[in-house]
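Read the structure below first, then the notes.
The values are calculated or read from the model by the stated rules, or taken from the named source; none is laboratory data. Because the structure is predicted, anything quoted here is derived from the model rather than measured. When we count neighbours, we look across all protein chains shown, and the Cβ atoms used for this are built from the backbone with ideal geometry, even at glycine.
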Amino acid sequence: MWGGRFAGGPAQALARLSVSVQFDWRLAPYDLRASGAHARVLHRAGLLDDGELTAVLAALDDLSEAVRTGSFRPTVDDEDVHTALERGLLERLGALGGKLRAGRSRNDQVATDLRMYLRDHARQVAARLIELQQAIVDQAAAHVDTPAPGMTHLQHAQPISFAHQLLAHVHAFARDVDRLRDWDRRAAVSSLGAGALAGSSLPLDPHGVAVELGFDSAFENSIDAVSDRDFAVEFLFAAALIGVHLSRLGEEIVLWTSREFGWVELDDAFATGSSLMPQKKNPDVAELARGKSGRLIGALTGLLTALKGLPLAYDRDLQEDKEPVFDAVDTLLLVLPATAGTVATMRVRRQRLAEAAPDGFALATDVAEHLVRGGVPFREAHEAVGQLVAWCVAHDVGLEEVGAEQLAAINPRLTPGVRSVLSVQGALEARSAPGGTAPARVREQLAAVIERLHRD
Ligand code: ARG
C-alpha cells in the first residue's frame, strides 16, 4: 500500500503486531457500503466517468456477495478489513480499483465504519433490552398482589408487592434503552471525507456521503473526525451500565433461587446441573450475567485508558478501539436473551414469598406510624416499638404474638390498637402515595410501563 516509499517489506514481528483483520473483518459490510458512497462522490466530482462508476459499483456488489457467502475471505497478508477489501476490488477491476483510494484514508474510513457498525448493533442491543423488560413485566403482572419481603442491607425491611421489586429492574433497563437512543444522536456523524486528517483538496461531498450512509450530519472538523472515539467510549459506558443492571438482577436471581430464600424456581431449560452432585440445580445464567459485567466494565476502562494522552489526530493506538467494542456487543447479545429467558420461565413461589413478607419484624414501621397517627411524636414511637422488637427477640416471638397486657408493660404507648396494623396486606395498601408499593399504585405503574414498552 505504501510500496513506493519502502525498499523492503515489513518484518514478520511488525506484521503480526499490526494485523487487525482477524477482528475488524466484521466491519466489511459497512466498509463496502461506505465505498459505494465514496465512488458516487468521486463520480459527482468528475473523478470517475459513468462507465467507471458502473464498473466500480458492480464490483462492489459482487464483492459484497462474495463476502456474504464467505467465498471472499481475508488472507494472512491482509493487514486490515480495508486493505483486504481493496485487494478484492483490485482483483475484480484491475487498475480502476485503485481509483477509489482518492480522497480517503483508512483513518476516516475506519472511524466511519465503526460508527455504522455500532449504530446498527446498538439498535439490536436496545431490541434485546426491550424483550428483557417484557419478560420482567409479564412476571410483574402476575405478582402485583404477591407480598414479598422488601430488603435494605439484605435485611428484612418492609413488605412490598413482588411486582414492585421486579418493576424496579424494568425502570433501569428502560433508562438503558433511552441512553442508547440519546447516544445515537451524537454518534450519527460521518467522518468520511476527512481523509488522513486535513480534509481533501478534491471536491468531495462529505454531507452527501453522510446522508447516503444514514448519518444525520458530516464532521465539522476533519482532525476531530479521525481522532474522536467518544462515540465508542460512550457506547461502552452504556454497555457497562447495562452489564451492571444485569448483574444486579442476576445477583437477586442467585439469592432468590437459593434454598435459604426459596422464592423462585428456575425452569430446567435455564438451569444447569452438576456432574458430581445429582441434586444440584444451579442459576448459571444469572451468575454469567453477573460475571460478564466485569468484562464490560473492563472494556470501558481499557478504551478510556488507551485514549488518555493520545495527541491528535490519528494514532495507531486507536486500532485498540475495536476489540472492546465488539466484545461488549457480543457479550450483551449473549447475556440479554438468556436473562430474558430465565426471567420469562422462572416460577415464583408465591406462598413462600407471602409467608416471608412479615418476617424479621417487617411491620414494625407500621406500628410506629400507627402511634404517630395517634399523636405520639415519631421519636417516641420509634423508641417504644424498638423496645417491643427487643422484647420479641428476647422471647423469640413475633409482633402479633404479644398480648395487650404485655404490650402495655413493655411501653405504655403500646395501646391494644397497635395490633390492628399487624397485617401485611394492610401495610401494602397503606403505602398508597404515588410511586409506592400499594397494589393499586403498582397496577398504575405497570400500566404506564407497558404503555412505554409498546411505544419503544
Ligand atoms: N486498522 C486501522 C485502525 O483500525 C486502520 C487505520 C490505519 N491507518 C493508518 N494510518 N495506519 O485504526
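If I filter region 296-314 for residues that are among the small types (Gly, Ala, Ser), within 16 Å of the ligand (Cβ to nearest atom) and not in a helix (DSSP H, G or I), do I get at least one hit? Yes, region 296-314 contains a residue that is among the small types (Gly, Ala, Ser), within 16 Å of the ligand (Cβ to nearest atom) and not in a helix (DSSP H, G or I). Within this structure, Glu260 passes the test of being among the charged types (D, E, K, R), at pLDDT 95 or above and in a loop (DSSP other than H, G, I, E, B).
The residues listed here are Ala440, Ala364; of these, the one that is at pLDDT 95 or above, among the small types (Gly, Ala, Ser) and more than 15 Å from Gln158 (Cβ to Cβ) is Ala440.
Screening Arg101, Arg87, Arg119, Arg115 for residues that are within 16 Å of the ligand (Cβ to nearest atom) and either in contact with a helix residue (DSSP H, G or I) (Cβ under 7 Å, 6 or more places away or on another chain) or of a type in the set (Phe, Trp, Tyr) (or both) leaves exactly one candidate, Arg115. When the residues of region 1-51 are filtered to those that are among the hydrophobic types (A, V, I, L, M, F, W, C) and either in contact with a Ser or Thr (Cβ under 7 Å, 6 or more places away or on another chain) or at positive phi (or both), the one that is nearest to the ligand (Cβ to nearest atom) is Met1.
Residues that are in contact (Cβ under 8 Å) with a residue 60 or more places away in the chain, among the acidic types (Asp, Glu) and not in a loop (DSSP other than H, G, I, E, B) do occur in region 91-108. If you check Ile130, Ile136 for being away from the ligand (no atom under 16 Å from the Cβ), in contact with a His (Cβ under 6 Å, 6 or more places away or on another chain) and either at pLDDT 95 or above or β-branched (Val, Ile, Thr) (or both), only one passes: Ile136. Put simply, of Gln425, Gln406 the only residue that is under 30 Å from His169 (Cβ atoms), assigned to a helix (DSSP H, G or I) and not assigned by TED's automatic domain parsing to the domain that holds Arg181 is Gln425. Selection of helices (runs of 4 or more DSSP H) fully inside region 316-397 by the criterion of at least 3 residues being within 16 Å of the ligand (Cβ to nearest atom) and closer than 30 Å to Ser20 by Cα returns 322-345.
Within region 424-437, the set of residues being buried (at least 17 other Cβ atoms within 10 Å of the Cβ) and among the hydroxyl-bearing types (Ser, Thr, Tyr) comprises Thr437 only.
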